[in-house]
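The values are calculated or read from the model by the stated rules, or taken from the named source; none is laboratory data. Since the structure is predicted, the reported quantities are computational estimates derived from the model, not experimental observations. Backbone-built Cβ (ideal geometry, glycine too); neighbour counts: all protein chains shown. All accessible areas refer to the heavy atoms of the entire protein, side chains included, with ligands and DNA or RNA removed. Shrake-Rupley method; radii C 1.70, N 1.55, O 1.52, S 1.80 Å.
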Amino acid sequence: MEIWKLCVLFFCAFLGGTAIFLVKSDKSKLLKLILSFSGAYLFAITVLHLIPDAYSGADKWQIGVFILIGFLLQIFLEQFSEGVEHGHIHKHHDGHVFPFGIMISLCLHAFLEGMPLAKEQHNELIFGISLHHIPAAFALASILMQNHFKRSSIIFYLIVFAIMAPLGFYVSVGLSNGTIGGIDAYFNKIMGIVIGIFLHISTTILFESSADHKINTRKMIAVLLGIGVALIGFFAGH
């Protein structure tokens with residue numbers, strides 16, 4: 001993968017988190033629109049690219065099981081992350097206490113999101129993951145700030161989070177080439193798990209913030225734009 005693509009993954013997450021030091025007013029409405037766009041985009045990319053790729057192998061009859069495993073895994077991770085990967089910012093009043101569950105689950109989530117890039121380095125998928133990490137990093141930084149962490153500490157933990165997706169890519173390259181443990185035969189199954197996570201994340205983003213299950217006009221436009229951009233990239237590539 002070109003270095004600029006890894007830089008996009010890293011800096012979108014890092015700059016999205018450090019924006020907490022610049023924002024002086026409530027930007028929750030803008031963040032929700034960004035989330036809606038990225039959620040729709042990620043869902044479309046999963047349907048158009050990742051699922052067909054995962055089912056292209058000889059073990060395709062097993063892929064559905066691993067998609068379900070990934071879906072359930074994300075439900076489990078959210079018990080610790082408190083939905084930060086969806087851009088949720090919860091009030092914490094624990095003083096200077098490090099949110100280990102949130103940090104670990106977010107890093108694992110980002111690591112797994114970087115893994116599909118090894119098989120098919122779609123520019124549109126890189127864009128979708130990067131955009132999705134902006135509100136997640138912002139929410140993480142907000143929680144650390146509420147817990148009275150120093151600016152230097154917040155920046156350090158944002159760097160750790162931002163490096164997870166590129167790290168997932170490099171580990172996945174080793175897996176797909178059989179250079180790490182020689183388990184390249186299991187690569188499509190790993191992709192199944194990632195697809196399950198993507199499906200949970202994207203659909204939750206699209207529906208959870210809609211009051212009374214109704215989508216307002218601005219959110220609908222953001223969703224249609226996300227799907228539209230994904231379709232343009234899909235047809236352009238074919």
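General remarks:
- Identity of the residue in segment 73-97, surrounded by 14 or more Cβ atoms within 10 Å (Cβ to Cβ) and either under 14 Å from residue 193 (Cβ atoms) or among the aromatic types (Phe, Trp, Tyr) (or both), that ends up modelled with the lowest pLDDT: 80
- Of all the numbered requirements in (1) crowded, with 16+ Cβ neighbours inside 10 Å; (2) at pLDDT below 80, residue 229 misses one, and that requirement is (2).
- Subset of segment 139-153 that is polar (S, T, N, Q) and part of a helix (DSSP H, G or I) - its residue that is most open to solvent (accessible area, probe 1.4 Å): 152
- Within segment 30-70, restricting attention to residues that are of a type in the set (Phe, Trp, Tyr) and surrounded by 20 or more Cβ atoms within 10 Å (Cβ to Cβ), the residue that is nearest to residue 192 (Cα to Cα) is 66.
- Top-ranked residue of segment 154-206 - restricted to ones that are modelled with pLDDT of 90 or more and open to solvent by 40 Å² or more (accessible area, probe 1.4 Å), ranked as nearest to residue 132 (Cα to Cα): 163
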